[in-house]
Amino acid sequence: MKKAVFPGSFDPITIGHIDVIKRALKLFDQITIGVADRKEKSPIFSLNEREELVKKVTANIKRVEVKSFNGLLVDFVKTEKACTIIRGLRTISDFDYEFQMALTNRKIAPDIETIFFLASEQYAYLSASLVKEIARMGGDLSEFLPNPVISALKKKLKGR
Ligand code: PNS
């Protein structure tokens, strides 16, 4: 069985992430979405909230599991008995960061490969940080986020 891990902060999960998951499912039998703690990034949603939102919006996608993790990604990949990391690439500006991360992960865990999926061109510009900015300014998010995420984001921002 070909198993992969799709890691990220998912703060929050966007339609672009879901696009990558669906593409990756064409190549893998099972995907674990790994929601990383990333406290240092001061995420707007707690780890548990991000995990629950990812679960909610992927509930109807078969062969997907959602888990949160702390610590090194490569250790989480091993615990999941997977040997591939999936990442989405949007534009060339993603490349430096992804290149550095993939090579560092390869150095510390040579048996784990990273595979990149190109996001659909209609989502190439989409980022969780821009989405949060639009939300703060009361803009329309229906093109970018699944409905449960829009509601959760509005609720979160109201409380601030
Ligand atoms: O969605 P993001 O914030 O771009 O995801 C980054 C993530 C979570 C994949 C990365 O920060 C990560 O793997 N964090 C876990 C800690 C780790 O393994 N760090 C070394 C990476 S080379």
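The values are calculated or read from the model by the stated rules, or taken from the named source; none is laboratory data. Note that the structure is predicted; figures quoted are calculated from it, not measured. Neighbour counts are summed over all protein chains in view; Cβ atoms, including those assigned to glycine, are modelled from backbone coordinates with ideal geometry. With ligands, DNA and RNA removed, areas are computed over all heavy atoms of the protein, side chains included. Shrake-Rupley method; radii C 1.70, N 1.55, O 1.52, S 1.80 Å.
Values for this structure:
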{"read-out": "Test for N105: is it open to solvent by 60 Å² or more (accessible area, probe 1.4 Å) and modelled with pLDDT of 95 or more", "value": "no"}
{"read-out": "Close pairs from the range 1-16: first among the basic types (K, R) and modelled with pLDDT of 95 or more, partner part of a strand (DSSP E or B) and more than 10 Å from the ligand (Cβ to nearest atom), Cβ under 6 Å, at least 6 apart", "value": "K3/Q30"}
{"read-out": "Total residues in the range 98-127, condition among the small types (G, A, S) and in contact with a strand residue (DSSP E or B) (Cβ under 9 Å, 6 or more places away or on another chain)", "value": "3"}
{"read-out": "Test: residue in the range 113-127 that is open to solvent by less than 20 Å² (accessible area, probe 1.4 Å) and at pLDDT 95 or above", "value": "no"}
{"read-out": "Residue among K39, K26, K55, K67 that alone is within 14 Å of the chain's Cα centre (by Cα) and without any contact (Cβ under 8 Å) to a residue 12 or more places away in the chain", "value": "K55"}
{"read-out": "Helices (runs of 4 or more DSSP H) (entirely within the range 1-88) containing at least 2 residues that are closer than 18 Å to A119 by Cα and open to solvent by 40 Å² or more (accessible area, probe 1.4 Å)", "value": "15-24"}
{"read-out": "Lone unmet requirement of (1) closer than 19 Å to I15 by Cα; (2) within 11 Å of the ligand (Cβ to nearest atom); (3) not aliphatic (A, V, I, L, M) for R63", "value": "(2)"}
{"read-out": "Selection count where residues are in contact with an Asp or Glu (Cβ under 8 Å, 6 or more places away or on another chain) and at pLDDT 95 or above, scope the range 17-43", "value": "7"}
